[in-house]
1. Take the residues in the stretch 30-78 that are part of a loop (DSSP other than H, G, I, E, B) and among the hydroxyl-bearing types (S, T, Y), then tell me which one is surrounded by the most Cβ atoms within 10 Å (Cβ to Cβ).
2. Which condition number in (1) in a loop (DSSP other than H, G, I, E, B); (2) hydrophobic (A, V, I, L, M, F, W, C); (3) in contact with a Phe, Trp or Tyr (Cβ under 7 Å, 6 or more places away or on another chain); (4) modelled with pLDDT under 80 is the one that A2 fails?
3. So which residues in the stretch 14-34 are over 17 Å from G58 (Cα atoms) and at pLDDT 70 or above?
Amino acid sequence: MALRKQEESLFGESLEGQKAKQVFGSKEAKEKKILTTFSIEPSFKEELENIFSDMGLGWAAGIRFALKEFSKKYGDND
């Protein structure tokens, strides 16, 4: 079964749609982006959202920041 390219209107005009189009629609991106899905307990998510908000970060930016910090701390930086 052949896959068809989805229309541009799929993302809509919402802010989230514009961001998704920016991240996943760019042909000139330096590196490919990977869409990742994971489960998290609602109470822990709320706690993280509050921490990220205090830092001036949204959910996605906070997760990226946390993953980078984790990588710095536990990565092989020999």
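The values are calculated or read from the model by the stated rules, or taken from the named source; none is laboratory data. These numbers were taken from a predicted model, which means no experiment stands behind them. When we count neighbours, we look across all protein chains shown, and the Cβ atoms used for this are built from the backbone with ideal geometry, even at glycine.
1. Let us first name the residues in the stretch 30-78 that are part of a loop (DSSP other than H, G, I, E, B), namely 30-41, 55-58, 75-78.
Keeping just the survivors that are among the hydroxyl-bearing types (S, T, Y) gives 36-37, 39.
Working: T36: 7, T37: 4, S39: 5.
Here the answer is T36.
2. Every condition holds for A2 apart from (3).
3. Selection gives K21, E31, K32, K33, I34.
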